[in-house]
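Colleague: One structure coming up, written as structure tokens, with questions to follow.
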Amino acid sequence: MRRALSIVVVIVMLAVGASAQSVEIQPPRELRPLSAEDVLSAVSIASGPLSFSPDGRSITYVVQDPRRTKALGPSSGRMMSENGVPISALGTDIWLTDTGSGVSSNFTKGHGNNWSPCWSPDGTKVAFYSDRTGAPRLWLYERSTGESRQLSAVIVRPSDGDIPQWIDHGTRILTKILPEGESLPGANALLESQPSDRSRVYPDSVVTIYRANDHPQNDAGNPSELSQNMFTRARRSDLALIQVGNGAAETIAHGFRPAWYSASPNGSVVAFAHAKGQRQGNNYRNVFDLMLVEAGGKATRNVASDIPSSGDDSFLASFSPDGQWISYITLPADGPADCVLIDVRDGAQRQAARLPHPDFANQYHAPHWGADSKALYFIVNSHEIWRVPVDLGVAQKIAAVTSYTIAGIVPPGTSLTNSYWSPDQGRSMVVQGVDQAGQGVFLKIDLETGVVTSLIAADQSFGGSWNLLVGSPDGASIIYGSEDPGHSLELWTADTGFRHSKQLSQLNPQLGRYVYGHSKVVQWLSADGELLRGALLLPSGYTEDRKYPLVVFVYPGNQGSEVSNRFGLFGFAPYFNMQLLATRGYAVLYPDCPVHPGTIMQDVAKAVLPGVNKIIELGIADPARLGVIGESFGGYATLSLIVQTRRFKAAIMYAGLGNLISSYGEMGDDGSSYLIGVWENNSRTRFGSPWIAREKYLENSPVLFLDRVETPLLIVHGSKDFAVAPFLADEIFVDLRRLGKTVVYAKYEGEGHAINSYHNQLDFVGRMVAWLDEYLKTN
């Protein structure tokens with residue numbers, strides 16, 4: 001359910017509101033419950049580029065204020081607001097921080113939504129998107145004057161993560177714009193659900209017709225075997241070059257849906273991946289064409305057709321620094337994820353590495369290039385770094401770090417080329433990750449010898465949800481996000497040896513008033529004898545002479561132990577900040593929860609219940625006061641647990657489901673089904689269809705075992721959830737009510753897979769705490 005999770009991430013990210021700041025001394029902390037208002041109104045760094053100015057003296061980044069983010073209401077399933085702002089950019093501003101003094105300023109000052117900053121090559125300007133004049137347009141910030149101006153009247157149409165790109169020595173900017181000849185309302189209407197046919201036969205009747213065997217039309221108006229879901233439709237835009245001098249726009253590609261786009265480093269060629277749609281309506285079977293177009297506006301060339309995606313609707317590609325090659329990740333029907341090279345000169349393509357080679361899924365990163373364009377680098381299996389020399393075409397393992405999980409490679413902070421940053425002219429790279437004790441680490445890897453040097457290992461978590469890491473242009477320092485159980489995410493800077501570090505930002509001083517719970521990593525053996533770990537967050541004010549109520553936060557396939565030093569453990573939704581519970585006297589366990597295709601329901605119990613036993617054996621948890629919470633796939637896991645054990649005295653299922661067969665057949669208004677791909681193709685499930693794996697669907701559907709439930713259950717769901725349709729929660733409530741079980745259902749009107757409205761978030765936190773208090777704190 002990576003796409004569902006990514007939407008959760010997109011909708012709930014937070015940020016900032018003042019005009020200037022510097023780090024200040026905090027007052028003494030107090031031992032009291034963390035205020036929901038303080039958490040939910042907190043500001044944080046949003047998705048988007050963290051980048052150095054070319055001179056290395058300043059950094060820009062995007063921040064987001066939840067108090068300025070309005071609920072999208074019935075349109076919450078859409079990818080853009082009514083005026084064309086990606087939902088990830090609502091409530092955003094752009095901040096600039098002096099890396100020497102640490103002084104920061106909000107140069108967009110809350111005027112509309114502002115996102116995707118990109119420095120000009122000479123460092124005098126920052127291009128960014130803003131809707132302060134009513135619709136998204138391209139703006140420029142002048143560093144010398146501190147003023148911003150609208151560059152062009154053309155309405156831009158960026159998707160989530162798109163960035164304006166400077167080319168031709170800073171004289172033009174490549175961007176996506178509203179398709180030629182279309183109005184903003186007309187383009188938005190195309191994003192709405194589009195069933196096969198909606199017709200009116202009689203004056204007062206409207207009927208929607210869905211046809212299974214009629215193929216939808218492609219962009220040329222011809223029948224196609226591919227369907228388009230809302231993610232595909234949201235890509236629809238033209239590519240254009242906007243003159244910095246006069247704001248004139250030149251369209252260079254019309255009638256496409258660019259999922260990824262980039263100009264070559266010399267600006268002569270623009271490449272983009274056209275999102276064609278999904279095979280058999282399966283959201284995990286997206287197909288792309290890779291196109292090239294001369295920056296002068298000549299006709300497009302299709303250099304690779306029908307490329308299968310690497311797992312969802314994203315296209316992972318990058319130019320080599322010399323501009324000769326385009327590399328991209330693809331997922332064949334059989335075999336490991338592959339990397340393909342396109343020669344920009346003639347469009348010829350070949351596999352980067354001959355088989356056998358490892359899976360190049362690369363943790364959802366595009367291939368990393370060396371600065372000399374001679375080799376590609378990959379993270380493999382989260383523990384290894386591999387290299388593929390372009391001229392040899394053979395995959396080579398450089399280093400294995402079995403005691404660490406690698407989360408990301410530090411990139412250069414001034415380049416849109418997906419290369420690695422090096423403190424020594426390319427001889428080594430720096431990676432960020434976590435060790436088995438839950439400590440955040442930075443490691444330097446010598447690319448010739450494979451020697452791994454630990455630069456820092458600390459009771460901190462580095463990078464945050466968005467892997468906030470960049471290296472300076474001079475190779476002397478790194479900017480990174482850092483947090484720990486008692487401190488929310490902030491930006492820090494350090495020298496390359498991490499001997500000296502300094503905090504650069506202070507986004508949420510109100511969160512510094514509390515005494516928080518500490519965390520540690522515990523380990524146990526699963527029911528099958530597998531060594532597992534988990535992040536245990538202790539109650540604030542913890543003493544060893546007491547036993548505490550324990551809440552398990554569960555998500556199948558996740559390694560909870562790796563987030564033990566995150567502020568609040570779960571970083572993707574503020575209303576699931578587990579310090580809300582720790583400061584109210586609860587211990588919280590976020591366990592590793594490995595699952596295997598075909599035995600998910602049983603695997604959850606085999607992983608989680610021995611972990612609960614371990615916390616009881618340590619004398620921390622009261623065995624009579626156990627609770628469990630899960631969201632999305634974790635909501636399914638919550639239901640799976642309470643049909644297999646009566647040990648939990650309270651449970652909360654958020655955006656979850658219990659019937660795999662029903663979920664396989666869920667359908668949106670446009671006829672698409674999100675969960676077909678989840679059950680057929682997701683690596684954690686991979687059941688196949690219900691007709692092939694009938695028994696697996698039945699055995700792993702907790703809805704068929706609801707008569708065993710003795711745990712009071714709070715069900716929470718959004719009425720516009722596009723990923724897990726609300727009827728899947730409805731049936732759990734109806735069935736439990738029919739069985740006479742204790743169940744309450746909170747359905748939030750207009751909310752999607754995440755709760756977006758600030759006031760609905762407050763309501764949910766209140767209900768969550770009250771539910772747990774009722775069953776775990778009263779005798």
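The values are calculated or read from the model by the stated rules, or taken from the named source; none is laboratory data. No experiment lies behind these values; they were computed from the predicted model shown. So basically every Cβ, Gly included, is an ideal-geometry build from the backbone, and we count neighbours across all protein chains shown. Just the protein is used for accessible areas: all its heavy atoms, side chains included, with ligands, DNA and RNA removed. Shrake-Rupley method; radii C 1.70, N 1.55, O 1.52, S 1.80 Å.
Colleague: Only one residue in 569, 550 is open to solvent by less than 10 Å² (accessible area, probe 1.4 Å) and under 17 Å from residue 776 (Cβ atoms). Which one?
Modeller: Working: 569 fails: under 17 Å from residue 776 (Cβ atoms).
550 is the lone residue from the list that is open to solvent by less than 10 Å² (accessible area, probe 1.4 Å) and under 17 Å from residue 776 (Cβ atoms).
Colleague: Moving on to the next point. Would you tally the residues in region 132-170 being more than 15 Å from residue 244 (Cα to Cα), of a type in the set (Ser, Thr, Tyr) and buried (at least 20 other Cβ atoms within 10 Å of the Cβ)?
Modeller: The qualifying residues number 1.
Colleague: Please pick out the residue among 49, 54, 74 that is outside any loop (DSSP other than H, G, I, E, B) and either surrounded by fewer than 18 Cβ atoms within 10 Å (Cβ to Cβ) or modelled with pLDDT under 90 (or both).
Modeller: Numbers: 49 fails: outside any loop (DSSP other than H, G, I, E, B); 54 fails: outside any loop (DSSP other than H, G, I, E, B).
Unique residue meeting the criteria: 74.
Colleague: Quick test for you: out of 315, 272, 288, pick the one residue that is closer than 26 Å to residue 352 by Cα, part of a loop (DSSP other than H, G, I, E, B), under 25 Å from the mean Cα position of the chain (by Cα) and without any contact (Cβ under 8 Å) to a residue 60 or more places away in the chain.
Modeller: Details: 272 fails: part of a loop (DSSP other than H, G, I, E, B); 288 fails: part of a loop (DSSP other than H, G, I, E, B).
Just a single option satisfies the conditions, and that option is 315.
Colleague: Shifting gears a bit: List every residue pair whose Cβ atoms lie under 6 Å apart, where the two residues are 6 or more positions apart in sequence or sit on different chains, the first residue falls within region 175-191 and is at pLDDT 90 or above, and the second residue, located anywhere, is among the hydroxyl-bearing types (Ser, Thr, Tyr) and open to solvent by less than 20 Å² (accessible area, probe 1.4 Å).
Modeller: These pairs meet every condition: 176/237.
Colleague: Of everything in region 746-779, what is among the hydroxyl-bearing types (Ser, Thr, Tyr), over 28 Å from the mean Cα position of the chain (by Cα) and not in a helix (DSSP H, G or I)? Give them in sequence order.
Modeller: If we filter region 746-779 for residues that are among the hydroxyl-bearing types (Ser, Thr, Tyr), which is where we start, we get 748, 757-758, 775, 778.
Within this subset, residues satisfying the condition of being over 28 Å from the mean Cα position of the chain (by Cα) are 775, 778.
Answer for region 746-779, where residues must be among the hydroxyl-bearing types (Ser, Thr, Tyr), over 28 Å from the mean Cα position of the chain (by Cα) and not in a helix (DSSP H, G or I): just 778.
Colleague: State yes or no: is residue 668 touching a strand residue (DSSP E or B) at 6+ places or on another chain (Cβ under 9 Å), in contact (Cβ under 8 Å) with a residue 60 or more places away in the chain and small (Gly, Ala, Ser)?
Modeller: Numbers: touching a strand residue (DSSP E or B) at 6+ places or on another chain (Cβ under 9 Å): no; in contact (Cβ under 8 Å) with a residue 60 or more places away in the chain: yes; small (Gly, Ala, Ser): yes.
Against the criterion (touching a strand residue (DSSP E or B) at 6+ places or on another chain (Cβ under 9 Å), in contact (Cβ under 8 Å) with a residue 60 or more places away in the chain and small (Gly, Ala, Ser)), residue 668 does not qualify.
Colleague: Same structure again: Among the residues of region 578-592, which ones are within 20 Å of the chain's Cα centre (by Cα) and either under 18 Å from residue 650 (Cβ atoms) or surrounded by 24 or more Cβ atoms within 10 Å (Cβ to Cβ) (or both)?
Modeller: Initially, region 578-592 is screened for residues within 20 Å of the chain's Cα centre (by Cα), giving 578, 590, 592.
Scanning region 578-592 gives 578, 590.
Colleague: Moving to a separate point now. In this structure, is residue 493 within 30 Å of residue 58 (Cα to Cα), modelled with pLDDT of 95 or more, more than 27 Å from the chain's Cα centre (by Cα) and not in a loop (DSSP other than H, G, I, E, B)? Before you say what the answer is, go through the steps one by one.
Modeller: Details: within 30 Å of residue 58 (Cα to Cα): yes; modelled with pLDDT of 95 or more: yes; more than 27 Å from the chain's Cα centre (by Cα): no; not in a loop (DSSP other than H, G, I, E, B): yes.
The answer is no for residue 493.
Colleague: Return the residues of region 79-123 that are among the hydrophobic types (A, V, I, L, M, F, W, C), over 18 Å from the mean Cα position of the chain (by Cα), assigned to a strand (DSSP E or B) and closer than 18 Å to residue 44 by Cα; say none if nothing qualifies.
Modeller: If the condition is that a residue be among the hydrophobic types (A, V, I, L, M, F, W, C), over 18 Å from the mean Cα position of the chain (by Cα), assigned to a strand (DSSP E or B) and closer than 18 Å to residue 44 by Cα, then 94, 95, 96 are the ones that fit.
Colleague: Can you find, within region 390-421, the residue that is farthest from residue 360 (Cα to Cα) among those that are part of a loop (DSSP other than H, G, I, E, B), open to solvent by 30 Å² or more (accessible area, probe 1.4 Å) and of a type outside the set (S, T, N, Q)?
Modeller: 416
So that you can scan it fast, the table gives a plain yes or no per residue for (1) open to solvent by 20 Å² or more (accessible area, probe 1.4 Å); (2) within 29 Å of residue 579 (Cα to Cα); (3) assigned to a strand (DSSP E or B):
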| site | (1), (2), (3) |
| --- | --- |
| 423 | yes, no, no |
| 426 | yes, no, no |
| 456 | yes, yes, yes |
| 474 | yes, no, no |
| 479 | no, yes, yes |
| 489 | yes, yes, yes |
| 512 | no, yes, no |
| 521 | yes, yes, yes |
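Colleague: Suppose we filter region 236-256 for residues that are surrounded by 24 or more Cβ atoms within 10 Å (Cβ to Cβ) and either among the small types (Gly, Ala, Ser) or not in a strand (DSSP E or B) (or both); how many remain?
Modeller: The number of residues fulfilling the criteria is 2.
Colleague: Quick check, is residue 626 buried (at least 23 other Cβ atoms within 10 Å of the Cβ), over 19 Å from residue 701 (Cα atoms) and more than 29 Å from the chain's Cα centre (by Cα)? Reasoning before the result, please.
Modeller: Numbers: buried (at least 23 other Cβ atoms within 10 Å of the Cβ): yes; over 19 Å from residue 701 (Cα atoms): yes; more than 29 Å from the chain's Cα centre (by Cα): yes.
Spelling it out, residue 626 is indeed buried (at least 23 other Cβ atoms within 10 Å of the Cβ), over 19 Å from residue 701 (Cα atoms) and more than 29 Å from the chain's Cα centre (by Cα).
Colleague: Would you check which residues across region 523-533 are among the polar types (S, T, N, Q) and assigned to a strand (DSSP E or B) and list them? Please lay out each step first, then the result.
Modeller: Just the residues of region 523-533 that are among the polar types (S, T, N, Q), to begin with: 523, 526.
Listed by number, the list holds a single entry, 523.
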